[in-house]
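Every number here is computed from the coordinates shown, using simple stated rules; none is lab data. Note that the coordinates shown come from a computational prediction; the quantities given were computed from them, not determined experimentally. With ideal geometry, Cβ positions are generated from the backbone for all residues, glycine too; neighbour counts draw on all protein chains shown.
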Amino acid sequence: MSTAAKYLYAIVPANPELLDMPLGIQDQPLGVLIHKKVMLIISDLAQHKIRPERKNLAAHQTVLSHLIHNYPSLLPMQFGMIAANTSTAKKILTQHYASINEKLLELAGKIEMELKVSWDVPNVFDYLIAQHAVLQEARDKLLNKASHLVTRDEKIEIGVLVSQILEKERVEHTETIKSMLSNSCDDIIQNPCRNEKEIMNLACLVSRKKQADFDSKIDELAQFLDDNFLIKYTGPWPPHNFSRLNL
């Protein structure tokens with residue numbers, strides 16, 4: 001390794017043999033820094049910053065995908081993590097060794113699966129109104145008024161009511177589905193919904209030994225939900241949501 005800046009990919013259990021490894025960012029070969037039982041995967045970088053361009057994101061993900069299939073546990077770095085030099089990169093391992101090693105042991109043999117469930121309807125507000133009599137009554141009350149007689153407060157009131165019911169539905173659906181999955185995974189993190197149609201965005205920590213069982217639960221979920229719902233199920237991924245450390 002040169003004195004160039006170091007791009008950081010992940011921390012894995014120490015094993016200096018990197019067989020058939022892909023090239024990293026900027027087509028650089030991968031290298032390792034080892035401290036006791038842990039190993040940091042790195043490559044040289046020509047500058048101290050990297051743009052989130054498609055080719056760079058793809059190279060980062062390719063390395064992580066290789067590692068997750070070849071190491072028993074993995075602490076992935078977010079895209080764009082750079083150390084000024086080898087010494088700075090090595091300090092990550094030496095200064096945080098205990099917490100890193102503990103987390104690697106905790107995540108051994110586990111992967112992350114992502115589950116998103118959304119309403120698959122043209123307009124989620126029209127869908128909710130059709131499902132809830134209280135919303136129908138509130139809407140009809142406004143429609144039966146001349147438009148110039150409808151006050152701003154009345155419009156706000158029905159908007160608040162829709163938001164409350166939307167959130168209530170999200171909570172109920174999420175709790176039901178988390179209960180269905182609970183015996184097939186070690187942990188579930190509920191990430192924020194990204195748009196009004198999204199009901200839940202779950203990161204599930206799954207033992208490789210239970211992956212087939214977890215897949216079966218997703219099949220059951222698909223049968224449980226009707227055609228008004230859309231399931232997006234992806235993975236396996238490195239356990240990003242379960243490996244956060246203050247390094």
(request) Run the quick spin-label model on residue 224 and residue 85: label points 7 Å from Cα toward the beta carbon, then report their separation in nm to one decimal. (result) 5.6
(request) Quick one: angle between helix 211-224 and the longest Cα principal axis of the chain, in degrees between 0 and 90, rounded to 10, please. (result) 10
(message) Here are a few candidate values for Rg/Rh (Cα atoms, Kirkwood Rh): (i) 0.95; (ii) 1.13; (iii) 1.04. Which one was actually calculated from the structure I just gave you?
(response) (ii)
(request) Compute the length gained on full extension between residue 121 and residue 212: take 0.36 nm times their separation in residues and subtract their Cα-Cα distance, giving the result in nm to one decimal. (result) 29.7 nm
(message) Checking the cross-link filter: which aspartates and glutamates have an alpha carbon closer than 14 Å to that of residue 210, excluding same-chain neighbours under 8 positions apart?
(response) 112, 186, 187
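Past 20 Å, Cα to Cα: identify those pairs from 116/217; 168/217; 168/197; 110/178, in the order given.
Working: 116/217 14 Å; 168/217 24 Å; 168/197 14 Å; 110/178 18 Å.
In this structure, 168/217 exceed 20 Å between Cα atoms.
What's the exposure ranking of 245, 128, 225, going from fewest to most Cβ atoms within 10 Å?
On the way: 245 12, 128 20, 225 17.
So the ranking, lowest neighbour count to highest, is 245, 225, 128.
Where the only charges are on Cβ atoms (+1 Lys, Arg; -1 Asp, Glu), what is the dipole of the chain about its Cα centre, to the nearest 20 debye? If you can, show how the numbers build up before the last one.
On the way: 28 positive and 30 negative charges, 237 e Å.
The calculation lands at about 1140 debye.
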(request) Could you check the simple spin-label distance between residue 231 and residue 151, using points 7 Å along Cα→Cβ, in nm with one decimal? (result) 4.7
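Provide 54, 170 in ascending order of the number of other Cβ atoms located within 10 Å of each residue's Cβ, fewest first. Show your work: numbers first, answer last.
Details: 54 7, 170 17.
Listed from fewest to most nearby Cβ atoms, that is 54, 170.
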(message) Order these by the 10 Å Cβ neighbour count, fewest first: 182, 118.
(response) 182, 118
(request) Kindly state, to the nearest 0.05, the FRET efficiency for residue 172 paired with residue 137, given R0 = 22 Å and r defined as their beta-carbon distance. (result) 0.55
